[in-house]
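Take a look at the structure set out below.
Each reported figure results from applying straightforward, stated rules to the coordinates on display, with no laboratory input. Source: prediction; values computed, not measured. Using ideal geometry, Cβ is built from the backbone for each residue, glycine included, and neighbour counts are taken over all protein chains shown.
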Amino acid sequence: MARELTGKQKAFVTHYIANGFNGTQAARSAGYKGSDTVLASEAHDNIRKPHIKQAILSEMGRLLMSAEEVAARLAQIARGEPYAGMDLSGNDVVRSLIQIGKMHQMWTEHVVIDWRAELREQGIEDAELFEQMVQRAYEVLTVRQRAQIADQGSTDDGDEDD
C-alpha cells in the first residue's frame with residue numbers, strides 16, 4: 001500500500017515540478033527550513049523516497065500533453081483556430097508545443113555523416129559510388145515512377161533531334 005504524502009511533501013511535489021525540478025527551491029517553497037545546503041539535502045532525500053518519486057511521476061503524467069494532443073494543438077494553430085487557454089502570443093504557444101513535442105521525441109535531429117571518407121578508405125571511387133547510388137535509387141522506384149522517367153527521357157530525346 002502506498003504511503004500517503006504529508007502536506008509538506010505534497011507541496012514539495014507541486015513546487016518541484018513548477019520550479020523546473022529545482023529541489024532546493026521546491027523545498028524552500030514547500031516550507032522546509034534551513035540553508036541552501038540543508039534544503040538541497042531535504043530535496044535529495046525527498047526525491048529518492050519511493051512514494052514521493054511516484055507522486056512526482058504521477059503529477060508529471062497528469063500535467064504533460066500526449067503526442068496526439070501536441071499534434072492536435074499544432075493543427076489548430078496552423079488552421080488559425082483558437083482554443084481554450086490561448087492567452088499567450090502565437091509564437092509562445094508554438095514554441096511551447098514544439099518543446100513538448102521534442103520531449104515526446106516526435107521529431108528527430110538531422111545528422112550529417114561523411115560517408116565518402118569511409119568509402120574512399122574501402123577503395124570506392126566517387127564515379128563508381130555515384131553509379132551505385134543511381135542504380136539503387138532506380139531499383140527503389142515504383143513501376144509507375146519508372147514509366148514516368150522513361151516517358152520524360154523519350155520526350156527529351158525527341159526535343160534534341162529537332
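Per-structure values
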{"quantity": "Taking the range 7-63 and dividing mean pair separation by its residue count, relative contact order in percent (alpha carbons under 8 Å, at least six apart)", "calculated": "33 percent"}
{"quantity": "Derived scalar couplings ³J(HN,Hα) [the range 11-25; Karplus, 6.51 cos²θ - 1.76 cosθ + 1.60; whole Hz; x for Gly, Pro]", "calculated": "5, 4, 4, 4, 6, 4, 6, 5, 8, x, 6, 8, x, 4, 5"}
{"quantity": "Relative exposure of VAL13, VAL94, judged by other C-beta atoms within 10 Å (fewest first)", "calculated": "VAL94, VAL13"}
{"quantity": "Under the Karplus curve 6.51 cos²θ - 1.76 cosθ + 1.60, θ = phi - 60°, whole-Hz ³J(HN,Hα) for the range 41-50, x wherever Gly or Pro sits", "calculated": "5, 4, 4, 4, 5, 4, 6, 9, 6, x"}
{"quantity": "Neighbour net charge for LYS8 - beta-carbon separation under 11 angstrom, K R +1, D E -1", "calculated": "+1"}
